[in-house]
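Please treat every number below as a calculation from the coordinates, not as lab data. Note that this is a predicted model, so its numbers are computed, not measured. Note that each Cβ is placed from the backbone with ideal geometry, even for glycine, and that neighbours are counted across all protein chains shown.
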Amino acid sequence: MRPFPWLIAHRGAMAEAPENSRAAFDLAFSYNVEGIEFDVQMTADGVPVVFHDNTLRRVTGGRNTVADTRFSEISGLDFGKLFSDNFPAQRIMTLEFMLESYSGRGILMIELKSESGRREPEEYKDSLCGEVVRLIGKYVAQNLLDEIFILSFDKDLILRIMQLAPYLKYILNIKTPQQVRSNEDLFNHNSLWGYCLPRRRLTRGFAGQCREKGLHTAIYSCNSPSDVSAGVDMGADVIMTDDPGRIAGILGNKNDAL
């Protein structure tokens, strides 16, 4: 891997292809990126799938939630038609498929979605964490585990999966640096790799404090030259972008100048 900052394609190359789709991930890896970020939650029958929203409406036009939809029903939906006619028959992907297909191609940042809308939230969290760890163990070679990162806005999810797989790297998503004060117990956990926050919320002071504690900072979503310059100048270690085709060259030039 090249030195920081890393460029990570947020939900793949979602500016050019349907988010969290095979087309978006393949396109992202055609650019000079270190890796991809994608979202994982479980269907009603317990299949971990790659999808961001609680409901299917924005991406497929469907009315149901993922929590209330079985995999056999969701697998037949078209996840590309509302984005563009250029992406017909994009199907939802399982985490199993993602790990089998993309492990070894670069960094995989897996964001675990919380229990919103789940009938048994505690059972959901345990099942999701257990399945993610099981599938990583099945499809990711031991020498590639350093390329697997687990992210979530849900601190409880992070703590639960840490107990199952302390050897993985973990990033807690936060909205502001002030949230760190309520999460100081994670600072001392060996598996915590860093924090991810909106690009406008990162400060040099926060990036410096994290660095002093051996932690890293990631920011999203940097989709313009000014976004990238600001993030690098603030000291971000990871630049997430919706548009890697546009940003890869910019960040490459920035790295050359460092």
About its Cα centre, how strong a charge dipole does the chain have in debye, to the nearest 20, once Lys and Arg get +1 and Asp and Glu get -1 at the Cβ? 440 debye
At a Förster distance of 41 Å, what's the computed FRET efficiency of Arg91 paired with Asp126, Cβ-Cβ distance as r, to 0.05? 0.90
May I ask which residue of Tyr139, Leu202, Ser182 lies farthest towards the positive end of the charge dipole of region 80-214, with charges of +1 (Lys, Arg) and -1 (Asp, Glu) on Cβ and the Cα centre as origin? Leu202
How far apart, in nanometres, would the label points at Arg58 and Asp233 be if each is projected 7 angstrom from Cα along the Cα-to-Cβ direction? 3.0 nm
Could you pull out every one of the lysines with an alpha carbon less than 21 Å from that of Lys169, ignoring same-chain neighbours closer than 8 positions? Lys113, Lys125, Lys138, Lys155, Lys213
Taking all pairs of different Cα atoms in region 82-151, averaging 1/r and flipping that mean, what Kirkwood radius in angstroms comes out? 14.0 Å
Is region 102-189 rounded, prolate or oblate when judged by the Cα gyration tensor, a ≥ b ≥ c being the square roots of its eigenvalues, rounded requiring a/c under 1.5 and prolate requiring a/b larger than b/c? oblate
Work from the charge dipole of region 6-257 (Cβ charges, +1 for Lys and Arg, -1 for Asp and Glu, about the Cα centre) and give the residue of Phe87, His52, Ile219 farthest towards its positive end. Ile219
Suppose we keep just the alpha-carbon trace of region 159-242; what are its Rg and Dmax in angstrom? 12.9, 40
What is the distance in Å between the Cα centres of region 53-116 and region 189-245? 26 Å
Lys213 versus Asn143: modelled label distance in nm, points set 7 Å from Cα along the beta carbon direction: 3.5 nm
Of all DSSP beta bridges having both residues in the chain, the percent classed as antiparallel (nearest 5) is 15 percent
Give a quick list of trypsin sites (Lys or Arg not before Pro) in region 91-170 that DSSP marks as loop, anything other than H, G, I, E or B, with at most 11 other Cβ atoms within 10 Å. Arg119
Taking a ≥ b ≥ c as the square roots of the eigenvalues of the Cα gyration tensor, with a/c under 1.5 meaning rounded and otherwise prolate when a/b exceeds b/c and oblate if not, region 6-257 is oblate
Given 0.36 nm per residue, what is the gain on full extension from Arg204 to Ser116 after removing their alpha carbon distance, in nm? 28.3 nm
Residues Thr176 and Ser84, FRET efficiency given R0 of 30 Å [Cβ-Cβ distance, rounded to 0.05]: 0.30
Restricting to Cα pairs under 8 Å and 6 or more apart, the percent relative contact order of region 6-257 works out to 19 percent
What is the calculated FRET efficiency for Ser72 to Phe4, with r their C-beta to C-beta distance and R₀ = 45 Å, to the nearest 0.05? 0.60
Tell me the mean residue ellipticity at 222 nm calculated for the chain from its helices only (DSSP H runs of n ≥ 4, each -39500 (n - 2.57), averaged over every residue, nearest 500). -10000 deg cm²/dmol
Based on the alpha-carbon set only, what is the convex hull volume of region 5-95 divided per residue, in Å³? 86 Å³
